[in-house]
Amino acid sequence: MATTGTISLALEANSSEAIQILYEILEDPSSSPEALRIKEQAIGLLCDRLTEEKKGEDLRLLLTKLRPFFSLIPKAKTAKIVRGIIDAVAKIPGTTDLQITLCKEMVEWTRAEKRTFLRQRVEARLAALLMENKEYVEALALLSNLVKEVRRLDDKLLLVDIDLLESKLHFSLRNLPKAKAALTAARTAANAIYVPPAQQGTIDLQSGILHAEEKDYKTGYSYFFEAFESFNALSDPRAVFSLKYMLLCKIMVSQADDVAGIISSKAGLQYVGPDLDAMKAVADAHSKRSLKLFENALRDYKAQLEDDPIVHRHLSSLYDTLLEQNLCRLIEPFSRVEIAHIAELIGLPLDHVEKKLSQMILDKKFAGTLDQGAGCLIIFEDPKADAIYSATLDTIANMGKVVDSLYVRSAKIMA
């Protein structure tokens, strides 16, 4: 029979023996209140041990094995245990596919058992995993049905989670209007209830990302700062991403000189590491307007810059701006210059420079043409607008007003 002493024995034993003892406790047929309490303790300890051993498949089998036990305990405790085991599997690296399988199995079981509260939460978790796995269509279909169901039940806390997830999903699909609409819905639901600080931080982080996407970097910075304060207070690992995006906003509004100050502040020093070093390298390149330093930063900090889709998108735009400014500065003294010479001066491949120059001519960044036969760029002087044309148009407009006025007067006299 399972007793507190058996639990103590499991705590003192080594990992494999402890797992064996805890499994034996769960197999005890007794269903007295004391036995159920001890089994709950054993489940918690077993989850911890299996997570340490990285036995994700065993955790999945444990959840299936516990189904008869769930009929003996309150639904709220069942929900807590199920979510605890799913969280335990999530702590094991490289188990995304296993988590998806586990969530799908639990959704089927909860639907059969008519456990709506738990099913909705597991489905929300499943949608998040599908999005992480880039299975956007399936995730969106799941969320669409779930949102309607949860709105009917008016479960505000879950609604905030789902709307926030829907916003992230639409953003991943580059559908900005729908991402903003879902975020507004999440904020509306959040205003009606108490939202935990971590959740509020997530809302602020998503708001900052959407504002930055619309090039409103100042507002984005404010939201990232709010998110950073929330996550920093909770020692949440997402604090470093909020700080990284704050620095990105500073760089994008040409305030790269502020980056070093933010990093060396009391809050910034806690998070010194590759992410902040990457942003500092980009800020230095931007301050010096050096494409060479910019490319070095992208190469040296590939994981922190190019592999982060949000940072990568904005830095691509920044790189283009920096390249255009450098090219305009280089071609300014010339009326005709070899493209190879410009490529040599800027230190970039010839075809890359030629492509960029043709794009700039089409975008009317400067007046000129490419002579590809001679491999030259011909720059025209900016045509000066002749003042006589605008003056003539003004005169004609005034004459028109005079004629209209005379017509009105003559109409009155004739009447």
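As a length-normalised measure over Cα pairs under 8 Å and 6 or more apart, the relative contact order of the chain settles at 5 percent.
Compared with the alpha-carbon gap, the fully stretched path from Thr369 to Ser32 is longer by 112.5 nm at 0.36 nm per residue.
Pulled fully out, how much extra length does the chain show between Asp320 and Leu153, if you take 0.36 nm times their separation in residues and subtract their Cα-Cα distance? My answer for the length gained is 55.2 nm.
In the stretch 1-66, Rg over Rh equals 0.95, where Rg is the alpha-carbon radius of gyration and Rh the Kirkwood radius from pairwise Cα distances.
Need one number: the % of Cα-Cα pairs in the stretch 245-343 sitting beyond the 15 Å mark. That tail contains 63 percent of the Cα-Cα pairs.
Computed over the stretch 180-225, the alpha-carbon pair-distance distribution with 10 angstrom bins reads 30, 52, 18, 0, each value a whole percent. Specify the inter-centroid distance of the stretch 44-99 and the stretch 342-407, based on alpha-carbon positions, in whole Å. With the stretch 44-99 and the stretch 342-407 each reduced to a Cα centre, they are spaced 67 Å.
Given DSSP loops and a limit of at most 12 other Cβ atoms within 10 Å, what is the longest stretch of the chain that contains no such GluC sites (Glu not before Pro)? The longest such stretch corresponds to 28-213. On full extension, the segment bounded by Val403 and Ala303 gains 28.9 nm, given 0.36 nm per residue less the C-alpha separation. With a simple spin-label model that places each label point 7 Å from the Cα along the Cα-to-Cβ direction, the separation between Ala391 and Asn191 comes to 5.7 nm. Annotation note: trypsin sites (Lys or Arg not before Pro) in the stretch 119-212 located in DSSP loop regions with a Cβ neighbour count of at most 11 within 10 Å are Lys134, Arg174. Of all lysines in the structure, the ones whose alpha carbon falls short of 18 Å from that of Lys280, not counting any fewer than 8 places away in one chain, are Lys244, Lys250, Lys266, Lys288, Lys292, Lys302. In a DSSP loop and with at most 16 other Cβ atoms within 10 Å, the trypsin sites (Lys or Arg not before Pro) in the stretch 326-415 are Lys364, Lys365, Lys384. In the chain, carbon and sulfur make up what percent of the accessible area (probe 1.4 Å)? Its accessible area is 56 percent carbon and sulfur atoms. Around the Cα centre of the chain, unit charges on the Cβ atoms of Lys, Arg, Asp and Glu (plus for the first two, minus for the last two) sum to a dipole of about 1400 debye. With coordinates expressed along the principal axes, the C-alpha atoms belonging to the stretch 93-228 extend over 50, 33, 27 Å, beginning with the largest.
Rolling a 1.4 Å probe across the protein heavy atoms gives the stretch 1-66 an accessible surface of 53 Å² per residue. Rolling a 1.4 Å probe across the protein heavy atoms gives the stretch 267-415 an accessible surface of 65 Å² per residue. For the stretch 8-86, the tally of Lys pairs with Cα-Cα distances below 16 Å comes to 5, considering only residues 8 or more apart or on different chains.
The values are calculated or read from the model by the stated rules, or taken from the named source; none is laboratory data. Here the structure is a predicted model, which means the values were calculated and not measured. Reconstructed Cβ throughout: ideal geometry from the backbone, glycine too, with neighbour counts over all protein chains shown. Note: accessible area is taken over every heavy atom of the protein model, side chains too, but ligands, DNA and RNA are not part of it. Shrake-Rupley method; radii C 1.70, N 1.55, O 1.52, S 1.80 Å.
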